[in-house]
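Worksheet for the structure shown next.
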2 protein chains.
Amino acid sequence: MRVFASNNHGLHTALELSRGKLQLSAESPRRAEIIANTLLNAGHDFHTPGDLDVALVCKIHTPEYINFLSSAWTRWQKKYGDDTPAMAFAWPSRNLAPKRPDDLVGQIGYHSFAADCSIVADTWQAAIEAAATAQSAADHVISGATTAYALSRPPGHHATSDQFGGYCFLNNSAIAAQRLLDSGIDRVAIIDIDYHHGNGTQAIFYDRSDVFTVSIHANPMDEFPWFAGHACERGQAEGEGWNLNLPLNVGTDYAAWLNAVNTSLEQIASRSAQALIVAFGADTFVDDPLGTFTIRTSDYTKIAQRIASLKLPTVIVQEGGYAVEAIGENVAAFLEAFE
Amino acid sequence: MRVFASNNHGLHTALELSRGKLQLSAESPRRAEIIANTLLNAGHDFHTPGDLDVALVCKIHTPEYINFLSSAWTRWQKKYGDDTPAMAFAWPSRNLAPKRPDDLVGQIGYHSFAADCSIVADTWQAAIEAAATAQSAADHVISGATTAYALSRPPGHHATSDQFGGYCFLNNSAIAAQRLLDSGIDRVAIIDIDYHHGNGTQAIFYDRSDVFTVSIHANPMDEFPWFAGHACERGQAEGEGWNLNLPLNVGTDYAAWLNAVNTSLEQIASRSAQALIVAFGADTFVDDPLGTFTIRTSDYTKIAQRIASLKLPTVIVQEGGYAVEAIGENVAAFLEAFE
């Protein structure tokens, strides 16, 4: 399969606040290195991404957010002059006023919902490359290929139109979907099978019917992102009925997961989607340190065969997955079914 | 003056996320120790607080929040088994669903809006003592005294009915105000002169007209808490017009600050308040590391004289102030005018 990947992902290595500590993020450069090595060894066809189309990004993210992300590190350096990662410490939580402050630290809070990721010197450059990777994979499918894989890092599905969080800055899957639409496709479906709800993707397309967003994930009552991903969230206005959440119990096994995937595929088949984005997280894996599902490597091939049976032009975009030593094999097992 | 203080404040020493680091909180036990030492040397009349009236606290905070705060550390210990402070890493920020998760870490996010404070083994005990301190100061005024001072720590004015943040867990000033009302007083005014907006106090009384809440603070476009404190926030429903915010520019000097205090006092005088709470933060001080105002020690006596000229029974409740070496003298200078 044609694989799009950039070495510049490694520019972003950041700290995350978790378990009451600031520690190196589980979303590490090593993840992408292992995926790349495994796929290279398996003989996949590697390409570097083209330049990111800023006009495309502006259809998914607000200009205000793009300006913020692109300048945040320089402003942080100017304000504090040291190399600590740029992080907020207050957020416009429930009942607070969602008005954008002028102050940088306040703006970081305004433009985020989590402290599990932070902005360092080249975060913006890495985020651009991750988005360009997804864009180039979409372009490959637009040019007639059945499938393409975007090894995007940092991941994207938690990023909303103007907020980062969950290790995500630009929504790579959403950008790929928009690219497909812009090529003349009328409707795209996104199936997000990362362990965590794709809250950013949901929010971006929540009032649109040209993208059918589906997410299968751990119940947000129990797992990050906690404040989105309930079954009752079905879209609004024009998008009413065009968002489908299938939250699953902690500890879900392959049979129950497959069942949810089958439900999703039936829904996608009935919505006349002409192309598909798979937001693929490998954190449903049995040994994932952030997950609780019990999916095994060979299950990824089987689930991918089900998804491939839709016979839609398909862009696979990498999201999470933190069982680093196994992540290459899990991705390879998934891609295998599309060959 | 009768001073209420508890040594148990020292049970709470926590970490805060700021400038991209987890560090010992600027809201330190040393603050209260220095205030106590200075006031003892000045001959003030020290008393320990009585037991906190839980029914009183339940008029200010939700039972759900009280249950959460009182059990959070035990649950954290059970979940992780180590001594890292209990902290969230995601919050129900703009556009996210304000639904309370079952998971502890999700609940910490739900019940907070900032990562500048964290829950440790005895945070709850310290918070109870701080609230009891304010309650006892209110009781002293109810029993006929003109004034009383509550050396409450941790502070309270950022705590809403069900969210902690800004170093605050229980809203001591709000609890004192409620105590005054419960004694038969019809209307209480709260003047909050901490450097930071008293967002919790505002939120708690936002739809009530029995407490007139006034806050003079640095403009939230520039300073914490960023997402509350604008002049347009005037209360709602029954409380419409019963909240007054006077945001001031970064770097405000005594003349401009005095002007805002005078405006506040005129408003309070016209609202037939029968008692006053002063939420006193010393972080307007010229050398405060978290502030930018240029107020000097002697200015606190002058401003207190203005406030005392209202001739209302007055409970002074300690809020912020982080110029630790000067905080005792600043508090003493403020109290002096009420003698």
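The values are calculated or read from the model by the stated rules, or taken from the named source; none is laboratory data. Remember, it's a predicted structure, so these values are computed and weren't measured experimentally. All Cβ positions, glycine included, derive from the backbone under ideal geometry; neighbour counts span all protein chains shown. Heads up: the accessible areas ignore ligands, DNA and RNA and are worked out on the full protein's heavy atoms, side chains in. Shrake-Rupley method; radii C 1.70, N 1.55, O 1.52, S 1.80 Å.
Summary table
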| item | result |
| --- | --- |
| Cβ-Cβ FRET estimate between A:ASP253 and A:ASN41, R0 fixed at 22 Å, reported to 0.05 | 0.15 |
| Cut-off 15 Å between beta-carbons: net charge of the residues surrounding A:ARG19, Lys and Arg +1, Asp and Glu -1 | -2 |
| Two-site FRET efficiency, B:ASP287 against A:GLU266, from Cβ-Cβ distance with R₀ of 45 Å, rounded to 0.05 | 0.10 |
| Where only alpha carbons of segment A:203-277 are counted, the Rg and the Dmax (Å) | 12.6, 35 |
| Net charge, B:GLY106 excluded, C-beta distance under 9 Å - Lys, Arg +1, Asp, Glu -1 | -3 |
| 16 Å Cα-Cα reach of A:LYS99 towards aspartates and glutamates, excluding residues that sit fewer than 8 places from it in its own chain | A:GLU64, A:ASP162, B:ASP222, B:GLU223, B:GLU233 |
| Rounded if a/c under 1.5, otherwise prolate or oblate - segment A:68-137, Cα gyration tensor axes | oblate |
| Length released on extending from B:SER209 to B:ASP186, taking residue separation times 0.36 nm less the Cα-Cα span | 7.3 nm |
| Segment B:159-250 shape via C-alpha gyration tensor axes, a/c threshold 1.5 | prolate |
| FRET E, pair A:LEU24, B:SER298, Förster distance 51 Å, beta-carbon r, rounded to 0.05 | 0.55 |
| Net charge of neighbours whose Cβ lies under 9 Å from the Cβ of A:MET221, counting Lys and Arg as +1 and Asp and Glu as -1 | -2 |
| Label geometry 7 Å along the beta-carbon vector: A:ASN7 inter-copy distances in nm | 6.4 |
| Built amide H within the under 5 Å cut-off of A:PHE164, gap 5+ | A:SER112, A:PHE113 |
| Per-selection Rg to Rh, segment B:1-116 - Cα, Kirkwood hydrodynamic radius | 1.03 |
| Amide H within-cut-off set for B:GLU319, under 5 Å, with H built and near neighbours excluded | B:PHE280, B:GLY281, B:ALA282 |
| Over segment B:189-329, equivalent-ellipsoid semi-axes from the Cα gyration tensor in Å | 23, 18, 12 |
| Residue-by-residue Karplus 3J(HN,Hα) for segment B:16-27, coefficients 6.51, -1.76, 1.60, Hz, glycine and proline x | 10, 8, 8, 6, x, 10, 9, 9, 4, 5, 5, 8 |
| Hz values of 3J(HN,Hα) by residue in segment B:140-150 - Karplus curve (6.51, -1.76, 1.60), Gly and Pro given as x | 5, 5, 4, 7, x, 5, 6, 9, 7, 10, 9 |
| All lysines inside 26 Å of B:LYS311 as judged from Cα atoms, apart from same-chain residues fewer than 8 positions distant | B:LYS302 |
| DSSP bridge orientation in the protein assembly as shown - percent antiparallel, rounded to nearest 5 | 20 percent |
| Label-point separation in nm, A:ARG234 to B:SER143, each point 7 Å along Cα→Cβ | 6.1 nm |
| Cα-based helix-to-principal-axis angle, B:172-182 vs chain B, degrees rounded to 10 | 60 degrees |
| Share of Cα-Cα pairs in the protein assembly as shown lying beyond 50 Å, as whole percent | 20 percent |
| Apportionment of accessible area to carbon and sulfur, chain B, percent (1.4 Å) | 47 percent |
| Two-decimal log10 I(q)/I(0) for chain B, as the Debye equation yields it once each C-alpha is a single scatterer, q = 0.13, 0.15 Å⁻¹ | -0.91, -1.25 |
| Helix-derived mean residue ellipticity, 222 nm - over chain A, DSSP H n ≥ 4, -39500 (n - 2.57), to 500 | -11000 deg cm²/dmol |
| Chain A - percent relative contact order, Cα under 8 Å, separation 6 or more | 19 percent |
| Eligible lysines near A:LYS79 by straight Cα distance, threshold 19 Å, same-chain separation 8 or greater | B:LYS21 |
| Under 5 Å, built H, 5+ apart or other chain: amide partners of A:ARG208 | A:GLN236, A:GLY239 |
| Using θ = phi - 60° and Karplus 6.51 cos²θ - 1.76 cosθ + 1.60, couplings along segment A:247-259 (whole Hz; Gly, Pro as x) | x, 10, 5, 3, x, 4, 9, 4, 4, 6, 5, 4, 4 |
